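Engineer: Submitted below is the structure of interest, expressed as C-alpha coordinates.
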Amino acid sequence: VDPRALIAELDQLAEQGIDGEASLWISDRAHVVMPYHMRLDAARERGSGRSKIGTTLRGIGPCYADKAARTGIRMGDLVSPPRFHELLRCNLELKNRELTEIHGEEPIDFDAACEEYDAYARRLAPRVADTAGLLYEEDRRGSVILFEGAQGALLDIDLGTYPYVTSSCTSFLGVGAGTGFSPRRVGAVLGVVKAYTTRVGEGPFPTELTGAVGDELRRTGGEFGATTGRPRRCGWLDTVALRRTALVGDIDALVITKLDVLDGLDEIRAAVAYRIDGREVDDFPASLEGEIEPVYRSMPGWKRSLSGSRTFDELPEEARSYVQFVADACRCPIAMVSVGQERSEVIRLEPWLRPRGAGDGP
(Lines give C-alpha, C1' and ligand atoms only; values in the text may rest on other atoms or scores of the structure.)
Protein backbone atom coordinates (compact mmCIF):
# COMPACT_ATOMS: atom_id res chain seq x y z
CA VAL A 1 0.00 0.00 0.00
CA ASP A 2 1.36 3.40 -0.98
CA PRO A 3 -0.28 5.72 1.61
CA ARG A 4 0.53 8.82 -0.39
CA ALA A 5 -1.18 7.52 -3.54
CA LEU A 6 -4.10 6.03 -1.59
CA ILE A 7 -4.87 9.30 0.19
CA ALA A 8 -4.59 11.21 -3.10
CA GLU A 9 -7.22 8.87 -4.59
CA LEU A 10 -9.47 9.27 -1.56
CA ASP A 11 -9.20 13.04 -1.87
CA GLN A 12 -10.08 12.86 -5.56
CA LEU A 13 -13.19 10.86 -4.71
CA ALA A 14 -14.12 13.36 -1.98
CA GLU A 15 -13.93 16.19 -4.52
CA GLN A 16 -16.58 14.30 -6.51
CA GLY A 17 -18.79 13.93 -3.45
CA ILE A 18 -17.86 10.27 -2.84
CA ASP A 19 -16.84 9.15 0.65
CA GLY A 20 -14.33 6.44 -0.21
CA GLU A 21 -13.13 5.99 3.36
CA ALA A 22 -16.48 4.94 4.79
CA SER A 23 -16.32 1.51 3.17
CA LEU A 24 -12.54 1.10 3.04
CA TRP A 25 -10.59 -1.39 5.13
CA ILE A 26 -6.81 -1.84 4.86
CA SER A 27 -5.08 -4.99 6.03
CA ASP A 28 -2.82 -4.46 9.03
CA ARG A 29 -0.53 -7.03 7.37
CA ALA A 30 -0.17 -5.12 4.10
CA HIS A 31 3.33 -3.81 3.46
CA VAL A 32 3.89 -0.07 3.07
CA VAL A 33 5.58 1.43 0.02
CA MET A 34 8.14 3.88 1.39
CA PRO A 35 9.96 6.77 -0.38
CA TYR A 36 13.17 4.75 -0.62
CA HIS A 37 11.31 2.01 -2.49
CA MET A 38 10.36 4.41 -5.28
CA ARG A 39 13.80 6.01 -5.37
CA LEU A 40 15.54 2.63 -5.55
CA ASP A 41 13.08 1.35 -8.16
CA ALA A 42 13.92 4.23 -10.49
CA ALA A 43 17.67 4.08 -9.80
CA ARG A 44 17.88 0.33 -10.39
CA GLU A 45 15.85 0.57 -13.58
CA ARG A 46 18.11 3.33 -14.90
CA GLY A 47 21.14 1.22 -14.15
CA SER A 48 19.77 -1.86 -15.90
CA GLY A 49 20.33 -0.54 -19.42
CA ARG A 50 18.89 -2.80 -22.09
CA SER A 51 17.93 -5.44 -19.52
CA LYS A 52 15.44 -3.16 -17.76
CA ILE A 53 12.10 -4.72 -16.79
CA GLY A 54 9.89 -1.73 -17.59
CA THR A 55 8.38 -1.29 -14.12
CA THR A 56 5.87 1.40 -13.20
CA LEU A 57 8.58 2.97 -10.96
CA ARG A 58 6.10 2.97 -8.08
CA GLY A 59 8.42 1.04 -5.74
CA ILE A 60 6.45 -2.20 -5.78
CA GLY A 61 9.37 -4.54 -6.51
CA PRO A 62 11.67 -3.12 -3.81
CA CYS A 63 8.76 -3.21 -1.33
CA TYR A 64 8.23 -6.91 -2.05
CA ALA A 65 11.98 -7.49 -1.75
CA ASP A 66 11.89 -6.07 1.77
CA LYS A 67 8.88 -8.26 2.54
CA ALA A 68 10.84 -11.36 1.52
CA ALA A 69 13.89 -10.16 3.47
CA ARG A 70 11.68 -9.67 6.57
CA THR A 71 12.66 -6.01 6.82
CA GLY A 72 9.38 -4.55 5.51
CA ILE A 73 7.16 -2.06 7.30
CA ARG A 74 3.51 -3.12 7.49
CA MET A 75 0.40 -1.02 7.96
CA GLY A 76 0.12 -2.24 11.54
CA ASP A 77 3.62 -0.84 12.13
CA LEU A 78 2.85 2.45 10.39
CA VAL A 79 -0.04 3.26 12.70
CA SER A 80 2.13 2.55 15.77
CA PRO A 81 4.56 5.53 15.75
CA PRO A 82 7.24 4.16 18.13
CA ARG A 83 7.46 0.90 16.21
CA PHE A 84 7.38 2.70 12.86
CA HIS A 85 10.16 5.12 13.80
CA GLU A 86 12.39 2.27 14.99
CA LEU A 87 11.90 0.29 11.78
CA LEU A 88 12.33 3.35 9.57
CA ARG A 89 15.60 4.33 11.26
CA CYS A 90 17.03 0.83 10.78
CA ASN A 91 15.91 0.63 7.14
CA LEU A 92 17.19 4.08 6.21
CA GLU A 93 20.71 3.22 7.37
CA LEU A 94 20.90 0.55 4.68
CA LYS A 95 18.75 2.20 2.00
CA ASN A 96 20.59 5.51 2.18
CA ARG A 97 23.90 3.70 1.77
CA GLU A 98 22.63 2.09 -1.42
CA LEU A 99 21.18 5.35 -2.69
CA THR A 100 24.34 7.37 -2.08
CA GLU A 101 27.21 4.90 -2.53
CA ILE A 102 25.85 2.79 -5.40
CA HIS A 103 23.47 5.07 -7.27
CA GLY A 104 24.92 8.50 -6.44
CA GLU A 105 21.56 9.74 -5.14
CA GLU A 106 20.76 12.08 -2.28
CA PRO A 107 19.87 10.36 1.02
CA ILE A 108 16.36 10.40 2.48
CA ASP A 109 15.97 12.52 5.61
CA PHE A 110 14.67 10.55 8.58
CA ASP A 111 12.81 13.43 10.25
CA ALA A 112 11.10 14.51 7.02
CA ALA A 113 9.99 10.93 6.28
CA CYS A 114 8.66 10.53 9.82
CA GLU A 115 6.68 13.74 9.62
CA GLU A 116 5.14 12.85 6.25
CA TYR A 117 4.25 9.25 7.07
CA ASP A 118 3.03 9.99 10.60
CA ALA A 119 0.46 12.27 8.99
CA TYR A 120 -0.60 9.45 6.65
CA ALA A 121 -0.87 7.11 9.65
CA ARG A 122 -3.18 9.47 11.52
CA ARG A 123 -5.44 9.71 8.47
CA LEU A 124 -5.58 5.98 7.75
CA ALA A 125 -5.40 4.45 11.24
CA PRO A 126 -9.21 4.16 11.66
CA ARG A 127 -9.37 2.09 8.47
CA VAL A 128 -6.59 -0.40 9.34
CA ALA A 129 -7.94 -3.76 10.50
CA ASP A 130 -7.68 -7.54 10.37
CA THR A 131 -9.25 -7.79 6.93
CA ALA A 132 -9.05 -11.60 6.78
CA GLY A 133 -11.24 -11.74 9.86
CA LEU A 134 -13.65 -9.26 8.30
CA LEU A 135 -13.93 -11.38 5.15
CA TYR A 136 -14.69 -14.55 7.08
CA GLU A 137 -17.31 -12.70 9.12
CA GLU A 138 -19.00 -11.44 5.94
CA ASP A 139 -18.86 -14.94 4.48
CA ARG A 140 -20.49 -16.32 7.64
CA ARG A 141 -23.30 -13.79 7.20
CA GLY A 142 -23.87 -14.95 3.63
CA SER A 143 -22.56 -11.79 1.97
CA VAL A 144 -21.53 -11.84 -1.69
CA ILE A 145 -17.76 -11.27 -1.91
CA LEU A 146 -15.95 -10.30 -5.12
CA PHE A 147 -12.18 -10.59 -5.48
CA GLU A 148 -10.60 -8.73 -8.40
CA GLY A 149 -7.11 -9.44 -9.67
CA ALA A 150 -5.09 -6.25 -9.94
CA GLN A 151 -2.93 -7.20 -12.93
CA GLY A 152 -2.70 -9.60 -15.84
CA ALA A 153 -2.28 -13.27 -14.94
CA LEU A 154 0.93 -13.60 -16.96
CA LEU A 155 2.53 -10.89 -14.84
CA ASP A 156 2.54 -13.47 -12.02
CA ILE A 157 5.93 -13.72 -10.30
CA ASP A 158 5.88 -17.55 -10.43
CA LEU A 159 3.76 -18.44 -13.47
CA GLY A 160 4.20 -15.42 -15.75
CA THR A 161 6.72 -14.26 -18.35
CA TYR A 162 9.58 -14.07 -15.87
CA PRO A 163 11.55 -11.83 -15.34
CA TYR A 164 9.18 -9.36 -17.03
CA VAL A 165 6.58 -9.73 -14.31
CA THR A 166 5.28 -7.99 -11.22
CA SER A 167 6.24 -9.08 -7.70
CA SER A 168 3.14 -10.96 -6.60
CA CYS A 169 0.85 -13.83 -7.53
CA THR A 170 -1.68 -12.17 -9.83
CA SER A 171 -3.87 -15.13 -10.80
CA PHE A 172 -6.71 -16.70 -8.83
CA LEU A 173 -4.07 -18.75 -7.01
CA GLY A 174 -3.03 -15.54 -5.21
CA VAL A 175 -6.38 -15.06 -3.48
CA GLY A 176 -5.42 -17.08 -0.41
CA ALA A 177 -1.96 -15.60 0.12
CA GLY A 178 -3.13 -12.09 -0.75
CA THR A 179 -6.19 -11.95 1.48
CA GLY A 180 -6.04 -14.76 4.03
CA PHE A 181 -9.38 -16.02 2.70
CA SER A 182 -9.48 -19.65 1.55
CA PRO A 183 -9.79 -20.12 -2.24
CA ARG A 184 -11.81 -23.25 -1.47
CA ARG A 185 -14.67 -21.00 -0.39
CA VAL A 186 -14.76 -19.12 -3.70
CA GLY A 187 -17.72 -20.20 -5.77
CA ALA A 188 -16.73 -19.27 -9.33
CA VAL A 189 -13.72 -17.87 -11.16
CA LEU A 190 -14.04 -15.68 -14.27
CA GLY A 191 -11.05 -14.87 -16.47
CA VAL A 192 -11.36 -11.46 -18.15
CA VAL A 193 -9.53 -11.19 -21.47
CA LYS A 194 -9.61 -8.74 -24.35
CA ALA A 195 -10.45 -9.95 -27.85
CA TYR A 196 -6.81 -9.18 -28.67
CA THR A 197 -3.62 -9.01 -26.59
CA THR A 198 -1.94 -6.03 -24.94
CA ARG A 199 1.13 -5.49 -22.80
CA VAL A 200 2.64 -2.48 -20.99
CA GLY A 201 6.40 -2.20 -20.56
CA GLU A 202 9.19 -4.50 -21.59
CA GLY A 203 9.10 -8.24 -22.12
CA PRO A 204 8.33 -10.88 -24.75
CA PHE A 205 5.22 -10.51 -26.87
CA PRO A 206 5.05 -13.13 -29.65
CA THR A 207 1.89 -11.77 -31.34
CA GLU A 208 2.79 -8.06 -31.12
CA LEU A 209 1.75 -5.88 -34.06
CA THR A 210 4.11 -2.96 -34.69
CA GLY A 211 2.46 -1.59 -37.84
CA ALA A 212 -0.81 0.02 -38.81
CA VAL A 213 -3.06 -2.71 -37.37
CA GLY A 214 -1.39 -2.45 -33.96
CA ASP A 215 -1.73 1.32 -34.03
CA GLU A 216 -5.42 1.01 -34.93
CA LEU A 217 -6.07 -1.41 -32.06
CA ARG A 218 -4.34 0.99 -29.65
CA ARG A 219 -6.29 4.01 -30.89
CA THR A 220 -9.68 2.32 -31.06
CA GLY A 221 -9.24 0.43 -27.79
CA GLY A 222 -7.83 3.40 -25.87
CA GLU A 223 -4.84 1.28 -24.92
CA PHE A 224 -2.83 3.39 -22.54
CA GLY A 225 -1.63 2.25 -19.12
CA ALA A 226 -4.06 3.07 -16.31
CA THR A 227 -1.21 3.71 -13.86
CA THR A 228 1.46 5.29 -16.05
CA GLY A 229 -0.38 6.48 -19.16
CA ARG A 230 2.17 4.63 -21.31
CA PRO A 231 0.94 3.36 -24.70
CA ARG A 232 0.18 -0.34 -24.49
CA ARG A 233 1.74 -2.71 -26.99
CA CYS A 234 -1.02 -4.42 -28.99
CA GLY A 235 -1.21 -7.66 -30.94
CA TRP A 236 -3.36 -10.58 -31.98
CA LEU A 237 -4.95 -12.82 -29.40
CA ASP A 238 -2.51 -15.48 -28.13
CA THR A 239 -4.53 -18.60 -27.30
CA VAL A 240 -1.39 -20.50 -26.25
CA ALA A 241 -0.88 -18.05 -23.39
CA LEU A 242 -4.62 -17.80 -22.70
CA ARG A 243 -5.07 -21.57 -22.53
CA ARG A 244 -2.23 -21.81 -20.00
CA THR A 245 -3.73 -18.99 -17.94
CA ALA A 246 -7.15 -20.66 -17.89
CA LEU A 247 -5.53 -23.90 -16.77
CA VAL A 248 -3.36 -22.69 -13.89
CA GLY A 249 -5.88 -20.05 -12.86
CA ASP A 250 -8.60 -22.67 -12.40
CA ILE A 251 -10.92 -20.52 -14.53
CA ASP A 252 -14.56 -21.59 -14.84
CA ALA A 253 -15.35 -19.32 -17.79
CA LEU A 254 -13.93 -16.43 -19.80
CA VAL A 255 -15.28 -12.92 -20.24
CA ILE A 256 -14.22 -11.47 -23.61
CA THR A 257 -14.04 -7.68 -23.59
CA LYS A 258 -13.55 -5.13 -26.37
CA LEU A 259 -14.82 -7.39 -29.13
CA ASP A 260 -16.01 -4.19 -30.82
CA VAL A 261 -12.41 -2.94 -31.18
CA LEU A 262 -12.04 -5.50 -33.99
CA ASP A 263 -15.03 -4.08 -35.89
CA GLY A 264 -13.08 -2.47 -38.72
CA LEU A 265 -10.71 -5.30 -39.59
CA ASP A 266 -10.94 -7.31 -42.82
CA GLU A 267 -9.00 -10.18 -41.30
CA ILE A 268 -8.58 -11.30 -37.70
CA ARG A 269 -5.77 -13.59 -36.62
CA ALA A 270 -4.98 -15.50 -33.46
CA ALA A 271 -1.98 -17.57 -32.41
CA VAL A 272 -2.81 -21.26 -31.89
CA ALA A 273 0.76 -22.55 -31.44
CA TYR A 274 4.41 -21.44 -31.41
CA ARG A 275 7.23 -22.52 -33.71
CA ILE A 276 10.42 -22.77 -31.63
CA ASP A 277 13.68 -24.04 -33.16
CA GLY A 278 11.72 -25.45 -36.08
CA ARG A 279 9.35 -27.38 -33.85
CA GLU A 280 5.67 -26.54 -33.42
CA VAL A 281 4.46 -26.52 -29.81
CA ASP A 282 1.12 -25.60 -28.28
CA ASP A 283 2.25 -25.53 -24.63
CA PHE A 284 3.27 -22.24 -23.03
CA PRO A 285 7.05 -22.41 -22.35
CA ALA A 286 8.72 -21.27 -19.13
CA SER A 287 10.77 -18.74 -21.11
CA LEU A 288 9.76 -16.75 -24.17
CA GLU A 289 13.29 -15.51 -24.83
CA GLY A 290 14.77 -16.20 -28.25
CA GLU A 291 13.09 -16.69 -31.61
CA ILE A 292 9.43 -17.62 -31.24
CA GLU A 293 7.23 -17.60 -34.32
CA PRO A 294 3.47 -17.65 -33.74
CA VAL A 295 1.42 -20.10 -35.77
CA TYR A 296 -1.73 -18.21 -36.72
CA ARG A 297 -5.31 -19.08 -37.50
CA SER A 298 -6.88 -16.52 -39.83
CA MET A 299 -10.58 -15.62 -39.76
CA PRO A 300 -12.69 -13.07 -41.68
CA GLY A 301 -13.71 -9.87 -39.92
CA TRP A 302 -17.32 -8.75 -39.65
CA LYS A 303 -16.78 -5.20 -40.93
CA ARG A 304 -19.73 -3.68 -39.08
CA SER A 305 -20.38 -2.12 -35.68
CA LEU A 306 -21.30 -4.45 -32.83
CA SER A 307 -22.46 -1.66 -30.52
CA GLY A 308 -26.15 -2.26 -31.12
CA SER A 309 -26.03 -5.97 -30.33
CA ARG A 310 -27.64 -6.99 -27.05
CA THR A 311 -27.75 -10.79 -27.42
CA PHE A 312 -25.26 -13.28 -28.74
CA ASP A 313 -27.56 -14.18 -31.62
CA GLU A 314 -27.62 -10.54 -32.73
CA LEU A 315 -23.87 -10.59 -33.37
CA PRO A 316 -22.75 -11.15 -36.99
CA GLU A 317 -21.92 -14.73 -37.85
CA GLU A 318 -18.21 -13.89 -38.13
CA ALA A 319 -18.17 -12.43 -34.59
CA ARG A 320 -20.00 -15.46 -33.17
CA SER A 321 -17.54 -17.74 -34.94
CA TYR A 322 -14.61 -15.84 -33.43
CA VAL A 323 -16.01 -16.18 -29.91
CA GLN A 324 -16.61 -19.89 -30.49
CA PHE A 325 -13.04 -20.21 -31.76
CA VAL A 326 -11.72 -18.69 -28.51
CA ALA A 327 -13.76 -21.16 -26.46
CA ASP A 328 -12.49 -24.08 -28.55
CA ALA A 329 -8.85 -22.97 -28.62
CA CYS A 330 -8.73 -22.29 -24.88
CA ARG A 331 -10.92 -25.27 -23.93
CA CYS A 332 -12.87 -22.92 -21.70
CA PRO A 333 -16.51 -21.73 -21.75
CA ILE A 334 -17.42 -18.09 -22.49
CA ALA A 335 -19.72 -16.42 -19.95
CA MET A 336 -19.89 -12.84 -21.27
CA VAL A 337 -18.86 -10.69 -24.22
CA SER A 338 -18.62 -6.91 -24.27
CA VAL A 339 -19.26 -4.83 -27.39
CA GLY A 340 -18.76 -1.36 -25.87
CA GLN A 341 -17.93 0.56 -22.73
CA GLU A 342 -21.43 0.75 -21.26
CA ARG A 343 -22.89 -1.83 -18.90
CA SER A 344 -25.76 -2.27 -21.34
CA GLU A 345 -23.20 -3.41 -23.91
CA VAL A 346 -22.18 -6.50 -21.93
CA ILE A 347 -23.82 -9.61 -23.38
CA ARG A 348 -24.41 -12.44 -20.93
CA LEU A 349 -24.32 -15.88 -22.52
CA GLU A 350 -26.90 -18.02 -20.76
CA PRO A 351 -26.15 -20.86 -20.92
CA TRP A 352 -22.41 -20.36 -21.32
CA LEU A 353 -20.95 -20.90 -24.76
CA ARG A 354 -18.96 -24.10 -24.39
CA PRO A 355 -16.02 -25.51 -26.36
CA ARG A 356 -17.21 -27.83 -29.08
CA GLY A 357 -16.81 -31.41 -27.94
CA ALA A 358 -17.03 -30.51 -24.23
CA GLY A 359 -19.64 -32.12 -22.02
CA ASP A 360 -22.56 -30.29 -20.56
CA GLY A 361 -20.86 -29.73 -17.19
CA PRO A 362 -22.18 -27.34 -14.53
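The values are calculated or read from the model by the stated rules, or taken from the named source; none is laboratory data. Quantities reported herein were computed from a predicted structural model and do not represent experimental measurements. Quick reminder, even Gly has a Cβ in these numbers, built from the backbone with ideal geometry, and neighbours come from all protein chains shown. Calculation scope for accessible area: heavy atoms of the full protein, side chains included, ligands and nucleic acids excluded. Shrake-Rupley method; radii C 1.70, N 1.55, O 1.52, S 1.80 Å.
Engineer: Among the residues in segment 272-295, are any under 19 Å from Gly221 (Cβ atoms) and open to solvent by 60 Å² or more (accessible area, probe 1.4 Å)?
Structural biologist: Within segment 272-295, not a single residue is under 19 Å from Gly221 (Cβ atoms) and open to solvent by 60 Å² or more (accessible area, probe 1.4 Å).
Engineer: Here's a follow-up. Please specify each residue of segment 247-271 satisfying the condition of being under 20 Å from the mean Cα position of the chain (by Cα), open to solvent by 50 Å² or more (accessible area, probe 1.4 Å) and over 18 Å from Glu208 (Cα atoms).
Structural biologist: Leu247, Asp250, Asp252
Engineer: OK, next. So which residues in segment 218-234 are under 20 Å from Gly264 (Cα atoms) and open to solvent by less than 70 Å² (accessible area, probe 1.4 Å)?
Structural biologist: Within segment 218-234, Arg218, Thr220, Gly221, Gly222, Glu223, Arg232, Arg233, Cys234 qualify.
Engineer: So, in segment 237-290, how many residues would count as being among the β-branched types (Val, Ile, Thr) and assigned to a strand (DSSP E or B)?
Structural biologist: 7
Engineer: Give Gly290, Gly278 a once-over and let me know the one that is over 27 Å from Arg304 (Cβ atoms) and touching an Asp or Glu at 6+ places or on another chain (Cβ under 9 Å).
Structural biologist: Answer to the selection: Gly290.
Engineer: Which numbered condition trips up Phe84, out of (1) in contact (Cβ under 8 Å) with a residue 40 or more places away in the chain; (2) open to solvent by less than 50 Å² (accessible area, probe 1.4 Å)?
Structural biologist: Only one criterion in (1) in contact (Cβ under 8 Å) with a residue 40 or more places away in the chain; (2) open to solvent by less than 50 Å² (accessible area, probe 1.4 Å) is unmet by Phe84, namely (1).
Here is a yes/no grid of residues against (1) part of a strand (DSSP E or B); (2) at pLDDT 95 or above; (3) surrounded by fewer than 19 Cβ atoms within 10 Å (Cβ to Cβ); (4) not charged (D, E, K, R):
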site: Arg310; (1), (2), (3), (4): no, yes, yes, no
site: Asp313; (1), (2), (3), (4): no, yes, yes, no
site: Tyr322; (1), (2), (3), (4): no, yes, no, yes
site: Val326; (1), (2), (3), (4): no, yes, no, yes
site: Ala329; (1), (2), (3), (4): no, yes, no, yes
site: Cys332; (1), (2), (3), (4): no, yes, no, yes
site: Val337; (1), (2), (3), (4): yes, yes, no, yes
site: Gln341; (1), (2), (3), (4): no, no, yes, yes
site: Leu349; (1), (2), (3), (4): yes, yes, no, yes
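Engineer: Return only the number of the condition from (1) in contact with a helix residue (DSSP H, G or I) (Cβ under 9 Å, 6 or more places away or on another chain); (2) at pLDDT 95 or above; (3) not small (Gly, Ala, Ser) that Asp41 does not satisfy.
Structural biologist: (2)
Engineer: Looking only at helices (runs of 4 or more DSSP H) that fall completely inside segment 1-114, which ones have 2 or more residues that are touching a Leu at 6+ places or on another chain (Cβ under 6 Å), polar (S, T, N, Q) and at negative phi?
Structural biologist: Counting at least 2 such residues, we get no helices (runs of 4 or more DSSP H) at all.
Engineer: Then there is this: Give the residues of segment 203-247 that are under 26 Å from Arg331 (Cα atoms) and acidic (Asp, Glu), sorted by residue number.
Structural biologist: Within segment 203-247, Glu208, Asp238 meet the criteria.
Listed here are the residues, each with its yes/no results for (1) among the hydroxyl-bearing types (Ser, Thr, Tyr); (2) at positive phi; (3) part of a strand (DSSP E or B).
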{"position": "Asp158", "(1), (2), (3)": "no, no, no"}
{"position": "Thr161", "(1), (2), (3)": "yes, no, no"}
{"position": "Thr166", "(1), (2), (3)": "yes, no, no"}
{"position": "Phe172", "(1), (2), (3)": "no, no, no"}
{"position": "Val175", "(1), (2), (3)": "no, no, no"}
{"position": "Ala188", "(1), (2), (3)": "no, no, no"}
{"position": "Gly191", "(1), (2), (3)": "no, no, yes"}
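Engineer: While we're here: Specify the residue that is least open to solvent (accessible area, probe 1.4 Å); the eligible residues are those in segment 166-217 that are of a type in the set (D, E, K, R) and within 26 Å of Glu45 (Cα to Cα).
Structural biologist: The extreme case among them is Arg199.
Engineer: Kindly evaluate Ser305 against the criterion of being open to solvent by 60 Å² or more (accessible area, probe 1.4 Å), under 24 Å from Ile347 (Cα atoms) and of a type in the set (Gly, Ala, Ser).
Structural biologist: So Ser305 fits the description; yes.
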